[in-house]
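What follows is calculated from the coordinates using simple rules that are stated; it is not laboratory data. In this text the structure is predicted, and so the values were computed from the model without any measurement. Positions of Cβ are backbone-derived with ideal geometry, glycine not excepted, and every protein chain shown enters the neighbour counts.
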Ligand SMILES: Nc1ncnc2c1ncn2[C@@H]1O[C@H](COP(=O)(O)OP(=O)(O)O)[C@@H](O)[C@H]1O
Ligand SMILES: [Mg+2]
């Protein structure tokens, strides 16, 4: 299920979760991935520089940190569940259940293809709908694989990280209401 195109640079791109899709049941199951070997070598690098606390102080969202490859999947799973329970915005693809982050169940949604994302100029729409604030989490918002389409509306399936959640708290409702998934030429003929 991983968005294949982004796997190109394997040294730096880590899918933090493994996702099993059951479209007929209408759900997906997300389990965290733990990259033990890589985590250990990153821990040792940090440890040599500044000790245990220093090495572990770099967060899941800091590129190259030990926690990025060890605990990001678990953190994202758990935060996705908590965020959905608290806010339940229409822009969030519902997360139904979490076993402490070790296993999440989310509603299945048809993931947007790169072509659909390009054609509808979704990235360009983010600029004016979020007042450009999506750029603070640009790598996340530029990936079609983090979104699905439900009844013509855009929704996010991957909302575990703090930067993503901050943007969604502010702009999630507007994005759900206003992102158009029609291609611009279709819109023109309707008007
Ligand atoms: N609710 C869902 N319905 C269908 N596919 C999904 C769903 N959630 C995730 N996926 C697929 O699994 C991939 C990885 O899930 P994601 O939540 O983005 O985890 P990661 O933290 O690893 O990026 C997504 O890019 C998408 O292709
Ligand atoms: Mg993702």
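Taking into account only those residues within region 28-39 that are more than 8 Å from ligand 1 (Cβ to nearest atom) and in contact (Cβ under 8 Å) with a residue 12 or more places away in the chain, which is surrounded by the most Cβ atoms within 10 Å (Cβ to Cβ)?
So the first thing to find is which residues in region 28-39 are more than 8 Å from ligand 1 (Cβ to nearest atom), and the list is 29, 31-32, 34-39.
If we keep only those that are in contact (Cβ under 8 Å) with a residue 12 or more places away in the chain as well, we get 29, 31-32, 34-36, 38-39.
Values: 29: 17, 31: 17, 32: 21, 34: 14, 35: 17, 36: 9, 38: 15, 39: 17.
Per the criteria, the residue is 32.
Of the residues that sit in region 83-113 and are part of a helix (DSSP H, G or I) and within 15 Å of the chain's Cα centre (by Cα), which one is nearest to residue 166 (Cα to Cα)? Break it down stepwise before answering.
From region 83-113, those part of a helix (DSSP H, G or I) are 83-87; that's our starting set.
Keeping just the survivors that are within 15 Å of the chain's Cα centre (by Cα) gives 83-84.
Working: 83: 11, 84: 13 Å.
Of everything passing the filter in region 83-113, 83 is nearest to residue 166 (Cα to Cα).
Could you check region 129-191 for helices (runs of 4 or more DSSP H) lying wholly inside it with 2 or more residues that are farther than 19 Å from residue 27 by Cα, touching a strand residue (DSSP E or B) at 6+ places or on another chain (Cβ under 9 Å) and touching a residue at least 60 places away in the same chain (Cβ under 8 Å)? Lay out the reasoning, then the answer.
On the way: elements: 138-141, 162-178, 184-190.
Result: 162-178.
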